[in-house]
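Before any comments, here is the structure.
The values are calculated or read from the model by the stated rules, or taken from the named source; none is laboratory data. The structure displayed is predicted, hence computed values, not measured ones. Counting neighbours? That spans all protein chains shown, and the Cβs are built from the backbone with ideal geometry, glycine included. Heads up: the accessible areas ignore ligands, DNA and RNA and are worked out on the full protein's heavy atoms, side chains in. Shrake-Rupley method; radii C 1.70, N 1.55, O 1.52, S 1.80 Å.
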Amino acid sequence: MAEVDKTEKITVNVGLVDLGQIDLLVDEGYYANRTDFIRTAIRRQLENRAAAVDDMVERRALVLGIQHISRQELEALRDAGRQIELRVLGLATIADDVSPDLALATIAAVEVLGAFRAPREVKAALAPRTT
């Protein structure tokens with residue numbers, strides 16, 4: 001997977017004084033750019049809350065990282081008369097060759113904290129099952 005596929009763009013509104021302070025730190029060489037500052041701040045906050053995140057991941061039975069669901073996996077579930085709950089903290093993907101009908105027959109619920117990538121029709125079909 002290309003490096004650009006492992007990130008998501010977000011928009012953050014920052015007060016003008018805060019932005020000025022960030023720019024000053026960048027100008028003085030503490031950070032390469034605004035993005036570097038923001039990423040560093042996010043990482044530090046996540047490090048401070050790592051134990052809480054770990055506890056929540058375990059309690060909510062989330063897959064941590066990347067989970068890719070293929071058509072073959074879903075067909076095997078369908079043939080076995082089983083369904084799964086897609087619960088991911090990170091990136092969840094459903095293969096491009098999965099039909100909405102197959103997804104509905106095999107995916108009981110979707111909870112993705114991070115990014116969920118699937119064919120548009122599959123996402124639309126699963127929308128009522130997505131939290």
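Return only the number of the condition from (1) under 23 Å from the mean Cα position of the chain (by Cα); (2) under 28 Å from A127 (Cβ atoms); (3) open to solvent by 70 Å² or more (accessible area, probe 1.4 Å); (4) not hydroxyl-bearing (S, T, Y) that R49 does not satisfy.
R49 satisfies every listed condition except (2).
Could you pull out the residue among L46, L24 that is assigned to a helix (DSSP H, G or I) and under 23 Å from A115 (Cα atoms)?
It is L46.
Give the residue that is nearest to A92 (Cα to Cα), with candidates limited to residues of the stretch 117-131 that are of a type outside the set (V, I, T) and open to solvent by less than 60 Å² (accessible area, probe 1.4 Å).
Among those that are of a type outside the set (V, I, T) and open to solvent by less than 60 Å² (accessible area, probe 1.4 Å), it is A118.
If you go through the stretch 5-46 one residue at a time, how many are among the charged types (D, E, K, R) and either open to solvent by less than 70 Å² (accessible area, probe 1.4 Å) or over 28 Å from T93 (Cα atoms) (or both)?
Final tally of qualifying residues: 7.
Yes or no: the stretch 19-29 includes at least one residue that is under 15 Å from the mean Cα position of the chain (by Cα) and more than 24 Å from T130 (Cβ to Cβ).
Among the residues of the stretch 19-29, not one is under 15 Å from the mean Cα position of the chain (by Cα) and more than 24 Å from T130 (Cβ to Cβ), which makes the answer no.
Inside the stretch 81-124, can you point out the residues that are over 14 Å from the mean Cα position of the chain (by Cα) and under 22 Å from V53 (Cβ atoms)?
Correct list: E85, A109.
Would you confirm whether or not the stretch 2-9 contains a residue that is touching a Gly at 6+ places or on another chain (Cβ under 8 Å), closer than 30 Å to R129 by Cβ, assigned to a loop (DSSP other than H, G, I, E, B) and not small (G, A, S)?
Yes, some residue in the stretch 2-9 is touching a Gly at 6+ places or on another chain (Cβ under 8 Å), closer than 30 Å to R129 by Cβ, assigned to a loop (DSSP other than H, G, I, E, B) and not small (G, A, S).
Quick check on my filter: what residues within the stretch 34-87 are farther than 22 Å from L104 by Cβ and basic (K, R)?
R34, R39, R43, R44, R49, R59, R60
Mind counting the residues in the stretch 56-75 that are open to solvent by less than 100 Å² (accessible area, probe 1.4 Å) and either free of Cβ contacts under 8 Å to residues at least 12 places away in the same chain or among the aromatic types (F, W, Y) (or both)?
Going through the stretch 56-75 one residue at a time, the tally reaches 2.
What's the total number of residues in the stretch 76-108 that are assigned to a strand (DSSP E or B) and surrounded by 14 or more Cβ atoms within 10 Å (Cβ to Cβ)?
Looking only at that region, the number is 11.
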